[in-house]
1. Under the Kirkwood approximation applied to all pairs of distinct alpha-carbon atoms, what is the hydrodynamic radius of the chain in Å?
2. Kindly express, to the nearest 10 degrees and within the range 0 to 90, the angle between helix 67-79's C-alpha long axis and the longest C-alpha principal axis of the chain.
3. What is the helix-to-structure angle for 184-198, meaning the angle in degrees between its Cα long axis and the longest Cα principal axis of the chain, kept from 0 to 90 and rounded to the nearest 10?
4. Quick one: of the DSSP bridges fully inside the stretch 1-85, what percent are antiparallel, nearest 5?
5. Give the angle, between 0 and 90 degrees and rounded to the nearest 10, that separates the Cα long axis of helix 98-107 from the longest principal axis of the Cα atoms of the chain.
6. 5 Å is the cut-off here: which amide hydrogens, built 1.01 Å from N in the peptide plane, fall below it relative to Q52, excluding neighbours closer than 5 in sequence?
7. Output the relative contact order of the stretch 32-72, whole-number percent, from Cα pairs under 8 angstrom with separation of 6+ residues.
8. Where is the GNM fluctuation largest for the chain (alpha-carbon springs, 10 angstrom cutoff): P171, P35, P147?
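The values are calculated or read from the model by the stated rules, or taken from the named source; none is laboratory data. Note that the structure is predicted; figures quoted are calculated from it, not measured. Here Cβ is always computed from backbone atoms with ideal geometry, including for glycine, and neighbour counts include all displayed protein chains. Just the protein is used for accessible areas: all its heavy atoms, side chains included, with ligands, DNA and RNA removed. Shrake-Rupley method; radii C 1.70, N 1.55, O 1.52, S 1.80 Å.
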Amino acid sequence: MKSGFVAVAGRPNVGKSTLVNALCGGKVAIVSDKPQTTRRRIFGIANGDGHQLVLADLPGFQRPRDPLTEHMQRTVDASFEDVDAVLFVLDARDRIGAGDRFIAQRVFSLGVPVVIALNKVDRLKPGHIATQITTASRLDDFHALHPVSAKTGDGVAELRRELVQLLPEGPQYYPPEQRTDLSVEEQVAELVREKAIQLTREEVPHAITAEVEELEEKVVRASVYVETDSQKQILVGKGGAMVREIGVRARPEIEALLGRHVFLDLQVKVRPKWRRDERMLERLGL
Ligand SMILES: Nc1nc2c(ncn2[C@@H]2O[C@H](COP(=O)(O)OP(=O)(O)O)[C@@H](O)[C@H]2O)c(=O)[nH]1
Ligand SMILES: [Mg+2]
């Protein structure tokens, strides 16, 4: 069979995680309109006839500002080693500029084929897409360029075929029913974090992390951590309205993942400066 690893590179927010989900045909990675939603490397596994494509969804390239973002950038760097190809994602709705060129320098020097996905072409005028394709193609000597919409699925099947063609002969790395390398607990914690991030603004999303304390037949207990009391107040909300809303949004997806009904018990806790706490980062797999 053809099998191998493709790292997904690009600036924060260009739609890397949404595209990985689309390529895998199901939700593997959480998504939000806030940068830094993806904090660790997550394998999304796309299985097909005679192939297994393992996509490494990654945090966006960034200048490290604290131990957390430092760990994130280290993950990105390490994940470029030993890949069969790179999927370089650009945002068609944004100016293709210095940030993209900076990443291009890295990915085009790896010595593996680079496939460019020009994402978010949904509802863009053909003329605008054509201009962006021209700008993107000036970046470097890419293997192929695919305009896609991770949101509508346009162009995704063609992109998947392209990536599969680049894979060498290899073993089946994961059982075919497996779609990610995260444990069930980690997937549940990510879903809780996604809803919390989607419902908050400004600095708060960056200060949020989540952890599953207990996963039983009928009960899931999870903690949402923030760094300060005022952030906790926001996450709890008036009379507990916010934390309830997080639960309302997360529970159906958790139940779909587990394949059973559960009671979701969410606690909001303060953990000062957890982003600078190496032990906490390790515990969270960051
Ligand atoms: N319109 C549109 N929005 C998209 C598309 N792909 C992703 N997005 C949105 O872009 C934002 C960032 O997506 P995400 O996958 O988290 O980006 P990442 O930071 O690169 O992983 C989210 O609000 C997505 O819903 C797309 O194809 N079209
Ligand atoms: Mg992401």
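1. Values: mean 1/r = 0.0507 Å⁻¹.
Taking every pair of different Cα atoms in the chain, averaging 1/r and inverting gives 19.7 Å.
2. It is inclined by approximately 30 degrees.
3. Helix 184-198 sits at roughly 90 degrees to that axis.
4. Values: 7 of 14 bridges.
Close to 50 percent.
5. The angle comes out near 70 degrees.
6. Amide H neighbours of Q52: K2, S3, G4.
7. Values: 43 pairs, mean separation 14.7, N = 41.
Answer for the stretch 32-72 is 36 percent.
8. Residue with maximal mean-square fluctuation among P171, P35, P147: P171.
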